[in-house]
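Shown next, in structure tokens, is the structure this report addresses.
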Amino acid sequence: MQPCCSNPLVKKFDAAAIRTALGTVPDWKRRKASIGRTYAFADFPAAIRFVNAVAKAAEKACHHPDIDIRWNQVGLVLTTHDAGGLTEKDFSLAARFDQLAK
């Protein structure tokens with residue numbers, strides 16, 4: 001696997017760009033300099049299958065969410081630490097996670 005590295009060219013979104021990007025992932029909510037969402041599944045094994053798929057997608061994107069697992073619920077939070085806030089990376093990965101949850 002390829003090691004992840006920071007990309008200094010990633011630009012932090014301004015407030016207008018964040019509002020626009022949130023429209024592409026309507027179930028995600030802004031929390032200061034991050035976005036988050038909680039997914040619900042039928043049971044714990046289904047939640048863990050989703051977490052495993054999230055881990056694979058995150059590693060491929062070299063961008064990793066904070067993950068909180070509560071029996072059949074999985075909470076994800078994204079921010080781009082290197083940029084000091086939200087970037088295209090966060091919203092692209094949020095959309096990918098939404099696809100994985102279907």
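Restricting to region 41-55, and then to whatever is of a type outside the set (Asp, Glu) and assigned to a loop (DSSP other than H, G, I, E, B), can you tell me which residue is surrounded by the fewest Cβ atoms within 10 Å (Cβ to Cβ)?
Ala42
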Hey, could you check region 70-85 for residues that are closer than 17 Å to Ala17 by Cβ and in contact with a Lys or Arg (Cβ under 7 Å, 6 or more places away or on another chain) and say which is surrounded by the fewest Cβ atoms within 10 Å (Cβ to Cβ)?
Gly84
Every listed condition ((1) touching a strand residue (DSSP E or B) at 6+ places or on another chain (Cβ under 8 Å); (2) of a type outside the set (Phe, Trp, Tyr); (3) touching a residue at least 24 places away in the same chain (Cβ under 8 Å)) holds for Ile48 save (3)
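Quick grid of which residues meet (1) modelled with pLDDT of 95 or more; (2) among the β-branched types (Val, Ile, Thr); (3) over 15 Å from the mean Cα position of the chain (by Cα):
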| residue | (1), (2), (3) |
| --- | --- |
| Ser6 | no, no, yes |
| Phe41 | yes, no, yes |
| Ile48 | yes, yes, yes |
| Val54 | yes, yes, no |
| Ala57 | yes, no, no |
| Ala61 | yes, no, no |
| Asp68 | yes, no, no |
| Gly75 | yes, no, no |
| Gly85 | yes, no, no |
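Here is a yes/no grid of residues against (1) buried (at least 18 other Cβ atoms within 10 Å of the Cβ); (2) in a strand (DSSP E or B); (3) on the phi < 0 side of the Ramachandran plot:
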site: Thr24; (1), (2), (3): no, no, yes
site: Ile35; (1), (2), (3): yes, yes, yes
site: Ala57; (1), (2), (3): no, no, yes
site: Lys60; (1), (2), (3): no, no, yes
site: Asp68; (1), (2), (3): no, yes, yes
site: Lys89; (1), (2), (3): yes, no, yes
site: Ser92; (1), (2), (3): no, no, yes
site: Ala95; (1), (2), (3): no, no, yes
First in region 68-82 and farther than 29 Å from Val10 by Cα, second anywhere and in a strand (DSSP E or B) and of a type in the set (Val, Ile, Thr), Cβ under 8 Å, 6 or more apart
Gln73/Thr38
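The values are calculated or read from the model by the stated rules, or taken from the named source; none is laboratory data. None of the values given here were measured: they were computed from a predicted structure. Glycine gets a Cβ as well: all are built from the backbone with ideal geometry, and neighbour counts include every protein chain shown.
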